[in-house]
Amino acid sequence: MSKKITLDKTKGEIRQVVCRRCDNTTNHTVCSSAEFSWDFKEADIQGIDKYEIIRCQGCDDISFRVASSNSEDVAYDEDGEYINPESETLYPNRLMGRTLLPDEHILPRKIKSIYLETHKAISGNLKILAGIGIRALIDAVCAEENAQGDSLEQKVDDLITKGILTKGNASVLHQTRVLGNRAAHEAEAPQDDELEIAFDIAENLLETVYIIPKKAKRLDRKTEKSRTTIVEPKISETLEISPKEWDAMEEIK
């Protein structure tokens, strides 16, 4: 098999890909590239692999793009012309509409670690691992809050007793727990819509138990501080009386 390497062939070209920071499809400029064209003559198969460092024109975020095509993959464009479609992979992995919680730094260390790994699994389309991660998140929250019970189901119910969850929230969380059980024990990959909904519920749990209460405490402290720093105006300032006039009035008294 013969190979040819060309450097910076696509430098300066524009790629329309999802930006993990902008959370949208944006124009990315190719900053540097390496292209491997290969020819497997014995089987009459040719292909091209492109490796590109790209920069978002909106936020300047840097990503790595891999695009591959070969003569065995066949498709047709809008005009019915024969083409070899490219497969594209972006690093770090990203999924539009699925950015991290803006206040994820508030989460307890172990829960934050599981959350970040689960988010990466979803962004990388690793559905079984993502399902297991969602169940692990629920388990970690129960452990952090010292929920009692012989099973995860009982521990979730104990969160109601502790006043951490409402019955409605717990009921929804049980459905998410079942999805995670299927992924963990039966190696059953969730459907895309199931996974999206389950992770939404898991994120809502993290916000309800950790993020919102922490932000509420910050607000309380700021409110209390503003109350203690209020300066009562002097009578002279309230009546707009000059200091000399005030002194004269004091002498009359």
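What follows is calculated from the coordinates using simple rules that are stated; it is not laboratory data. Keep in mind that this is a model prediction, so the values were computed, not measured. Note that each Cβ is placed from the backbone with ideal geometry, even for glycine, and that neighbours are counted across all protein chains shown.
What to note about this one:
- GluC sites (Glu not before Pro) lying in DSSP loop within region 52-137, provided at most 16 other Cβ fall within 10 Å: Glu72, Glu78, Glu81, Glu86
- Among the listed pairs Lys9/Lys120; Lys162/Lys214; Lys127/Lys162, those beyond 27 Å (Cα-Cα): Lys9/Lys120; Lys127/Lys162
- Among residues other than Cys22 with Cβ under 11 Å from its Cβ, the summed charge is 0 (Lys and Arg +1, Asp and Glu -1).
- Helix 109-123 and the longest principal axis of the Cα set of the chain meet at an angle near 40°.
- Cα-based reach from Lys167 at 16 Å (exclusive), listing lysines while leaving out same-chain residues under 8 positions away: Lys155
- Separation between Cα centres of region 130-161 and region 197-221, rounded to whole Å: 16
- Full-stretch length increase - Arg21, Thr6 - with 0.36 nm per residue and alpha-carbon distance subtracted: 2.4 nm
- Net +/- balance of residues flanking Leu137 in space, Cβ distance below 14 Å, scoring K and R +1, D and E -1: -1
- With eigenvalues of the C-alpha gyration tensor scaled by 5 and rooted, the chain, Å: 55, 34, 13
- Taking every C-alpha pair closer than 8 Å and separated by at least 6 residues, the mean separation divided by the residue count of region 1-151 gives a relative contact order of 16 percent.
- Computed from backbone phi, the HN-Hα couplings of region 14-23 come to 10, 10, 9, 9, 6, 8, 6, 8, 6, 6 Hz, rounded to whole numbers (Karplus: 6.51 cos²θ - 1.76 cosθ + 1.60, θ = phi - 60°; Gly and Pro given as x).
- Angle in degrees between helix 152-161 and the longest Cα principal axis of the chain, rounded to the nearest 10: 20
- Against the main long axis of the alpha-carbon atoms of the chain, helix 127-144 sits at an angle near 30°.
- Those aspartates and glutamates that a straight Cα-Cα span of less than 18 Å connects to Lys4, excepting residues fewer than 8 apart in one chain: Glu35, Asp39, Glu42, Asp44, Asp49, Glu52
- Coupling constants for region 72-86 follow from the phi torsions by the Karplus curve (6.51 cos²θ - 1.76 cosθ + 1.60, θ = phi - 60°), and in residue order they are 7, 8, 10, 8, 10, 7, 5, 8, x, 7, 6, 9, 10, x, 8 Hz; glycine and proline get x.
- Seen from Leu107, the other residues with C-beta closer than 14 Å to its C-beta sum to a net charge of -2, counting Lys and Arg as +1 and Asp and Glu as -1.
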